[in-house]
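Every number here is computed from the coordinates shown, using simple stated rules; none is lab data. The structure displayed is predicted, hence computed values, not measured ones. Cβ: placed from backbone, ideal geometry, glycine included. Neighbour counts: every protein chain shown.
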Amino acid sequence: MGRAQVVQITPVPLTTINMFYDKKIKMEETVDLRNQPELKIVFKTDEFEVIDLSDPKNNGSYSFSSLNKVALNAEKANWWFSAFTVVVEFFVGSGSAKIYKNKAYLNLNMDKRDLKIWLIDADFEKAKRATELLSKKRVFA
């Protein structure tokens, strides 16, 4: 009869296992939404920082745990207002009717404060990425 083979198992450090299940990303990531005026969101371990030079009241660092809801609203035509202006311009006689649009924005609802970050001339695909990151971090905070 053959001898049983002894296999030595090296224990895997708990930190290595947690790396795959860790809810917090340990590295910093920045999403640059616009260059002029500067608009970016910096993602850190437990918080995110908003740098919005077009609306300085949005600037600051905010905890992921205080974030309740994240909503990205795309630019869309405001048909009611556009139709109203067409009627008014018909009677006034100016004839320069145009389609009015509601601008895109990122809405962040937090425990003590709500932010409305206007995405005028911003990269909408990067805004989608920022929304995705905020939503994921919010769930795990």
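R34 sits among other residues whose Cβ lies under 15 Å from its own Cβ, and their net charge, with Lys and Arg +1 and Asp and Glu -1, is -3.
Report the FRET efficiency, 1/(1 + (r/R0)^6), for D55 and K98, where r is their Cβ-Cβ distance and R0 is 25 Å, rounded to 0.05.
Details: r = 25 Å, r/R0 = 1.02.
Efficiency, rounded to the nearest 0.05: 0.45.
One chain, two ends: A71 and V87. Fully extended at 0.36 nm per residue, the span grows by 2.4 nm beyond their Cα-Cα distance.
Can you give the net charge of the other residues whose Cβ lies under 14 Å from the Cβ of D55, counting K and R as +1 and D and E as -1? Before the final figure, lay out each step's value.
On the way: positive: R34, K40, K57, K103, R113, K116; negative: E38, D52, D114, D121.
That sum, taken over residues with Cβ under 14 Å, equals +2.
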